[in-house]
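I have placed the structure first, in the form of structure tokens, so that the comments after it can refer back to it.
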Amino acid sequence: MAGKFITLEGGEGVGKSTQLARLAEALRARGLSVVTTREPGGTKGAEDIRALLMTGSDDRWNARTEALLFAAARADHVAKLIRPALDRGEWVLCDRFVDSTRAYQGGAGGVSDNDVMALHAVGSSGLLPDRTFLLEIPVEEGTKRAEARDGAADRMGGKGSDYYERVAAKFSVLAAAEPERFSVINAMGAPEDVTDRLVAALADML
């Protein structure tokens, strides 16, 4: 069976990391070989860039610099982890991918979608997921969940509510524009119920 590339997207506090692990477990129970990873990160080079992106003051980088750094991290991630795993026939589940750059640095930061996708074309040869799950909860609920986490927020998780409203709006625009790739998932409720929704939305690929 050919490998499949699945991404989980959404704003802060929607439960991507939890659902990534639960979905991977559900797919492995079906006999599939699954690789889980995250962005920015997943490889040594990309994790080094992640440290630059996620630490420091809010004004350390502007949105255009962030977009460049994310594209560089993604290029290494795709070349060294994602494409090789897909070529081996494995399923790759990734916590965030290029659509996060489109929403955060694009929708909230003002970088044009054309510029984001041009960087993606150069760095990652335009690779897109086979299925993108957009986990949705009210922005205010996501903020509460994020604030309840242990530890201080990173640079991308410590911005104001207006910023996250713009992120959510851009994600909605992207999902509406590409319904064949995006599946919008209600992420409210018990974690096991959300996982069931994800598995059901993958039925056509299983």
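Numbers for the structure displayed
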read-out	value
MRE, 222 nm, helices only [DSSP H, n ≥ 4, -39500 (n - 2.57), over the chain, to nearest 500]	-14500 deg cm²/dmol
Long-range amide H partners of residue 5 with built H, under 5 Å	92, 130, 131
Cα-Cα over 24 Å, subset of 4/80; 44/144; 16/44	44/144
Placed amide H near residue 36: partners under 5 Å, 5+ positions off or other chain	93
Summed side-chain charge close to residue 108 - residues other than residue 108 whose Cβ falls under 11 Å, Lys, Arg +1, Asp, Glu -1	+1
Neighbour-count ranking [beta-carbon atoms within 10 angstrom, fewest first] of 170, 159, 44, 144	44, 144, 159, 170
Footprinting exposure proxy for 124, 17, 172 (fewest neighbouring C-beta atoms within 10 Å first)	17, 172, 124
Neighbour net charge for residue 43 - beta-carbon separation under 13 angstrom, K R +1, D E -1	+2
Alpha-carbon spread of region 1-102, three principal axes, descending order, Å	46, 28, 21
Pairwise Cα inverse-distance average, inverted: Kirkwood Rh of the chain (Å)	17.1
For 50, 88, 83, order by how many other beta-carbon atoms lie within 10 Å, fewest first	88, 83, 50
Gained length - residue 17 relative to residue 172, 0.36 nm times residue gap less alpha-carbon distance	53.8 nm
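The numbers here are math on the coordinates, done by the rules we state, and not lab data. If you're wondering where the values come from, they're calculated on a predicted model, not measured in any experiment. Please note: Cβ atoms are built from the backbone with ideal geometry, for glycine as well, and neighbour counts cover all protein chains shown.
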